[in-house]
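Report on one structure; see the data block that follows.
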Amino acid sequence: MALDSRDSSRRPVVLAAAMVAVLAASVAVAAWLSQMRGAPRRAGDAVLEHLRTRGLAAFWGRQTETLWYLLRDARGRAVGWWRLRRSPIEGGYQGHVVRRSAGSFDEEQWSLGERATEGQYQADEYALVQRPGLAVPLRQHQVTTRISLARGQVVVARTPARRRGIRASDTAPEHYVPEGVTTLVLSLAAAGGKPAVFALVFNEFGLSASGVQFAEATVEPQGPRRARITYSLVLEDLGKKVGWAEVLEFDAGGNVLRGTRPDSGITWEQASFEDVRGQFPEAARYAEPPDANSPTTREETDN
């Protein structure tokens, strides 16, 4: 059947209306996708704002806390340990972490202001030599990483043993999480129940030829005290993207109760000092606080 002239004249109007409707729908979908992609970032910002508004004392109190962990491989064998100690200082908190795994030994020290907007961090990494009943860190194979946050700037410096170090600075992203408070932030994100994104700096990946290299941590809550964390970053010097994931369970204080790396089956879990010492006798050396566990003190001494 042939169209009459009235149907023919109406056709361009109908097509134009349809195109406008499709365009409007496309714009709406694009806006929705943009909003969905931005939602985790806004959730991360909200977590950090909540923490900064309340202050660290609201979550940590004013007491010293010491936690021990055992690291196990996929077969359940103890392959390492670490000890975390956190204590209040004037205007904020400081922490000292010792980690021992197969072939390596790390010692970390940090300090943070009450609002976690300024802080200092230092990590010393060593190779290990095995002696009867002990694993001894080799100072001559030391690599030192320093990260500071002050006045909205992140400064990263990494110095291998007997070599010149490299240093860079950059503006801290709004969702940047400084060392010392990472676990607390992740636990708050899990309790919030919404996917959240944060920016971090990892010691071994913190610098590139262009400056500070930020990684991204995406938190997917799996309950009020459990979350899957996916870490990703682009290695600018190599031109490739790397990533890994871990599943963390938290205790009532926001500390890691148990962690798992799904790709390797490695786990770490809170343990008593006696259990750790029973597996690794050298842990007894770290049962008491170190003589100087403030990054600021150590930097002043170095200078």
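With a cap of 15 neighbouring Cβ atoms within 10 Å, and only residues DSSP puts in a loop, list the trypsin sites (Lys or Arg not before Pro) found in the stretch 160-226. Write out the running numbers ahead of the final one.
Numbers: sites: 162, 163, 164, 167, 225, 226; in loops: 162, 163, 164, 225.
Within the stretch 160-226, the qualifying trypsin sites (Lys or Arg not before Pro) (loop, at most 15 other Cβ atoms within 10 Å) are 162, 163, 164.
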message: Once R0 is set to 30 Å, what does the formula 1/(1 + (r/R0)^6) return for the Cβ-Cβ distance between residue 74 and residue 208, expressed as a FRET efficiency to the nearest 0.05?
response: 0.40
statement: Expressed in nanometres to one decimal, the distance between label points 7 Å along Cα→Cβ at residue 242 and residue 163 is 1.5 nm
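Averaging sequence separations of C-alpha pairs under 8 Å and six or more residues apart, then dividing by the length of the stretch 140-214, give the relative contact order as a whole percent.
Reported as a whole number, the value is 26 percent.
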field: Radius of gyration and maximum dimension Dmax of the stretch 52-302, Cα, Å
entry: 17.8, 51
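Express the relative contact order of the stretch 52-302 as a whole percentage, based on alpha carbon pairs under 8 Å and six or more residues apart in sequence.
Details: 559 pairs, mean separation 41.0, N = 251.
Taking the mean separation of contacting Cα pairs over the length of the stretch 52-302, I get 16 percent.
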query: Zone of residue 251 (label point 7 Å along Cα→Cβ, backbone N under 17 Å): which residues in the stretch 96-114?
result: 96-98
query: Simple spin-label model, 7 Å along Cα-to-Cβ: residue 230 to residue 102 in nm?
result: 2.8 nm
task: Quote the FRET efficiency, to the nearest 0.05, computed for residue 89 versus residue 279 with a Förster distance R0 of 25 Å and r equal to the Cβ-Cβ distance.
output: 0.20
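FYI, it's all coordinate maths here, none of it is from the lab. The structure presented is a predicted model; accordingly, all values stated were derived computationally and were not measured. FYI the Cβ positions are ideal-geometry reconstructions off the backbone, even for glycines, and counts take in every protein chain you see.
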